[in-house]
1. With contacts defined as alpha carbon pairs under 8 Å and 6 or more residues apart, what's the relative contact order of the stretch 1-63 in percent?
2. Would you kindly calculate the mean projected area, averaged across all directions, of the convex hull enclosing the Cα atoms of the stretch 46-144, in square nanometres?
3. Enumerate by residue number the trypsin sites (Lys or Arg not before Pro) in the stretch 143-185 meeting two conditions: DSSP loop (anything except H, G, I, E, B), and at most 12 other Cβ atoms within 10 Å of the site's Cβ.
4. At a Förster distance of 25 Å, what's the computed FRET efficiency of residue 9 paired with residue 53, Cβ-Cβ distance as r, to 0.05?
5. To the nearest 0.05, how large is the calculated FRET efficiency for residue 89 and residue 65 if R₀ is 30 Å and r is the Cβ-Cβ distance?
6. Students often forget the sequence filter, so: which aspartates and glutamates lie under 20 Å Cα-Cα from residue 183 once same-chain residues fewer than 8 apart are removed?
7. Mind listing the Cα extents of the stretch 100-194 along all three principal axes, in Å, largest one first?
8. Give the longest segment of the chain that steers clear of chymotrypsin sites (Phe, Trp or Tyr not before Pro) in DSSP loops with at most 12 neighbouring Cβ atoms within 10 Å, not counting the sites themselves.
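The values are calculated or read from the model by the stated rules, or taken from the named source; none is laboratory data. Model, not experiment: these values are computed from the prediction. Because the Cβ atoms are built from the backbone with ideal geometry, glycine has one as well, and the counts that use them run over all protein chains shown. SASA here: full protein model, heavy atoms, side chains in, ligands and nucleic acids out. Shrake-Rupley method; radii C 1.70, N 1.55, O 1.52, S 1.80 Å.
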Amino acid sequence: MAEVAVRKFVISVDEIFHEGGPVAETPARRGAILAVIENPFAGGYVEDLMPFMDELKPLGLEMARRLLEALGGDAAAIEGYGKGAIVGAAGELEHAALWHNPGGYSMREILGGAKAIVPSTKKVGGPGTRLDVPITHIDASYVRSHFDAIEVGINDAPRAGEMVVALAMTTGPRVHARVGGLKASEIKGEDGLR
């Protein structure tokens, strides 16, 4: 299998001061990085997709590093994460699913062993397709204050033979989180859930 062919990267960072309530002392920061890559399986059915998952691992690490840097470079400041992929029309949903392992484990490695599963989403679509990437706390999926989503997309991607792979990170809870549930300060960190 050839090296992953990247057409471009897109990084965005939101700084949220309020959502109509009081201005936060520390703004919430949410970031996403997307890579537009060639889909080597576009246009036909291939039974064994697994080798490409290994090929995507270096890309996942590079993207996680770039996103962490865009959010200030301090892994200890990251509290939420998520991932997703959009596969172009000449591909299939299973091609997007190849991003689960390399996308998730790259962020865990860069962040120093986060315990919670990295939430994910995927779809097939054409240029301009939008994707809501789910976000949860990095160490405990049940922390309600960190349930969030980041909408991503690129106006000229994915083309039919491409995929857009995405990683997302946040520096804290929603800016006005107040719906109860498990608090980040109450995480036991034993099972990735609580």
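1. 39 percent
2. Over every viewing direction, the Cα hull of the stretch 46-144 projects on average to 6.9 nm².
3. Qualifying residues, ordered by number: 178.
4. Details: r = 20 Å, r/R0 = 0.80.
Calculated value: 0.80.
5. Using R0 = 30 Å, I get an efficiency of 0.45.
6. Here the aspartates and glutamates satisfying the reach criterion relative to residue 183 are 25, 79, 139, 148, 191.
7. The Cα atoms of the stretch 100-194 stretch 45, 29, 18 Å along their principal axes.
8. Working: sites that count: 17, 45.
That would be 46-194.
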